[in-house]
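The structure under discussion appears below in the form of structure tokens.
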Amino acid sequence: MKEADRDTNRRILVIDDNRAIHEDFRKIFGQTARNESMEAAEAELFDEAPVAPAQRKFTIDSAMQGQEGLAMVKQAMREGQLYALAFVDVRMPPGWDGIETVARLWEACPDLQVVICTAYSDYTWDDMIQKLGQSDRLVILKKPFDNIEVLQLANALTEKWFFLQQIRNHVLDLEFRVVHGSEQLRKSEERFRLITENAADLISIVDADGRRLYSSPSFRTLLGFAPEEMDGTLAFDQIHPDDCAAALASTRRTVETGDVQVIDYRMRHKDGSWRTLESHKAPFRNADGLIEGVLIVSRDIGERKMLEIQLRQAQKLESIGQLAAGIAHEINTPTQFIGDNTRFVRDAFNDLQQLLTAYDKMFKAAQTGALPPELLAEVEAAQQAADLEYLSAEVPKALEQTIDGIERVSKIVRAMKDFSHPGNESKTMLDLNKAIESTATVCRSEWKYVADLVTDFDLALPLVPVLPGEFNQVVLNIMINATHAITDVVGSGGNGKGTITISTRRDSDYVEVRIRDTGAGIPEKVRDRIFEPFFTTKEVGKGTGQGLAIARSVVVEKHNGTVVFETESGKGTCFIIRLPLTASAPEEHQKTVA
């Protein structure tokens, strides 16, 4: 099928009772205007004809209710212009909900790819499977939408719909070719060989033990290995040691259950460097339908990972920027009394210098055997001016206060350095107690006026494998939330202070961090939503709704831990973070596509 023909099948139906959502989809799939004058200038400069960029165009139709959407799907089938993909909202009163709508759509058009759009937990995945059956045509998309994610889903699912039709056509065609001669079959096999050998993604087939049975030519381009160098080797030999356990677990699951697995890991290039790959693992079945290996399709996501690291660093720097005024005040206070004490010591030294000069004169006079009365009077006057008793008491105090001030400034600077360190994508063995102290110091100006900080650290706590910058951000976000919760109760501090208590403990193979506040607690009606992105109960300008969502993402997705909370109205809230003491990811945290 020609590319032009494929464009005619990029038909998308949006079924949602909210007109604004339809406008959002149209904006997402809109075309970017070309700068024709710039293209013409570029063509003239390089003596080349301007080339129009290849753009995939989608046809977007809208339905406000499920019944209307079903009618449009049937009409499209009658006209031979099938929809490839439907975005369906879950809640669409007063008509069918999204699940019933999808069931009706599939009755009419079984190949239709569907994305369920929801901002709520109306149905669990098990509920959907029970009502709709196990299906690879269904994807869940959480609101609010990410534009890139929507575009990726549209590209992938319409492409999948196209290939599904193409594969069916090929199956019919192959049956015909088998009947009418092996030569036609050979040509078909050659066609599929060209697809795999010219694919940009890595394609490999491994047996149940992970030994490669096939490696595509793209291995040479991406990893520097010729296909013949890879065939027969163990796939896990090239995987980074820190990622190998998770990769092995996902492969075993595919072999044992037939589930499609999606996992990220690092693979060694021939030059010894590492490439970060996203791999899709699907069961490879023999003629009897039995799983005898795994088909692995991988792509390089190193650039995407680098952008994620830069984004996380930007978030940390943004946090420091928001705390900058408070940090400046924290540094300014000890700096002021360091300056005052230094000036006091300087003046005291000037007085002592005059006294020492008088003593020197008296000493020289004594050596000659004559001490004139006027010299003794001068020494006595210098002693009274210097006030030795006062200086003996106050100069040591001033020096101690100066040393203390320098230590306070140094502590703040060290804490800022620890908090803002960019880190890397590998976990580091970290002293959580020290990390928590540094973060608390950085945000001290936020909580010190409304709360007292109490720490109850387990001094025997072992080092924990974490991403330091990510962990610091989690503690900061929860402490800022605790401060705001206490402020809502005590105001600016005139009605007394609340308390933020942070404790650490080891619990078997996990380390537990508890951050407790004496705020008003979380209202019962919103407790199920506090980890949702962009959800906040704070007033406009005080919160973005991202703090706890980021905290959960970091703890659960990046560290294979858990974050939960205990709350009681009028008494406060305690967030409980549990992190594993081993860096390898347990199997239950791998992503599975049913």
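The values are calculated or read from the model by the stated rules, or taken from the named source; none is laboratory data. Predicted model, so just to flag it, every value in this text is computed and none were measured. Positions of Cβ are generated from backbone atoms using ideal geometry, with glycine treated the same way; all protein chains shown enter the neighbour counts. Accessible surface areas use protein heavy atoms only, side chains included; no ligands, DNA or RNA. Shrake-Rupley method; radii C 1.70, N 1.55, O 1.52, S 1.80 Å.
Details
- The criterion of at least 2 residues that are farther than 28 Å from residue 580 by Cβ is met, among strands (runs of 3 or more DSSP E) falling completely within region 432-535, by 451-456, 498-507.
- Scanning region 83-102 for residues that are open to solvent by less than 10 Å² (accessible area, probe 1.4 Å) and more than 20 Å from residue 25 (Cβ to Cβ) returns a single hit, 99.
- Top-ranked residue of region 480-531 - restricted to ones that are in contact with a Leu (Cβ under 9 Å, 6 or more places away or on another chain) and open to solvent by less than 20 Å² (accessible area, probe 1.4 Å), ranked as nearest to residue 549 (Cα to Cα): 530
- Residues of region 194-204 classified as out of contact with any Lys or Arg (no Cβ under 6 Å at 6 or more places or on another chain) and crowded, with 16+ Cβ neighbours inside 10 Å, total: 2
- Among residues that are at pLDDT below 85, touching a helix residue (DSSP H, G or I) at 6+ places or on another chain (Cβ under 8 Å) and either open to solvent by less than 60 Å² (accessible area, probe 1.4 Å) or in a helix (DSSP H, G or I) (or both), residue 126 is not included.
- Test: residue 388 is within 58 Å of the chain's Cα centre (by Cα) and touching a residue at least 24 places away in the same chain (Cβ under 8 Å): no
- Scanning region 220-244 for residues that are modelled with pLDDT under 80 and among the aromatic types (Phe, Trp, Tyr) returns no hits.
- Yes/no for residue 134 being outside any helix (DSSP H, G or I) and loosely packed, with under 14 Cβ neighbours inside 10 Å: yes
- Index of the failed condition, residue 422 passing every other in (1) under 24 Å from residue 561 (Cβ atoms); (2) open to solvent by 20 Å² or more (accessible area, probe 1.4 Å); (3) modelled with pLDDT of 85 or more: (3)
- Residue match in region 17-31 (condition: at pLDDT 90 or above and touching a Gly at 6+ places or on another chain (Cβ under 9 Å)): yes
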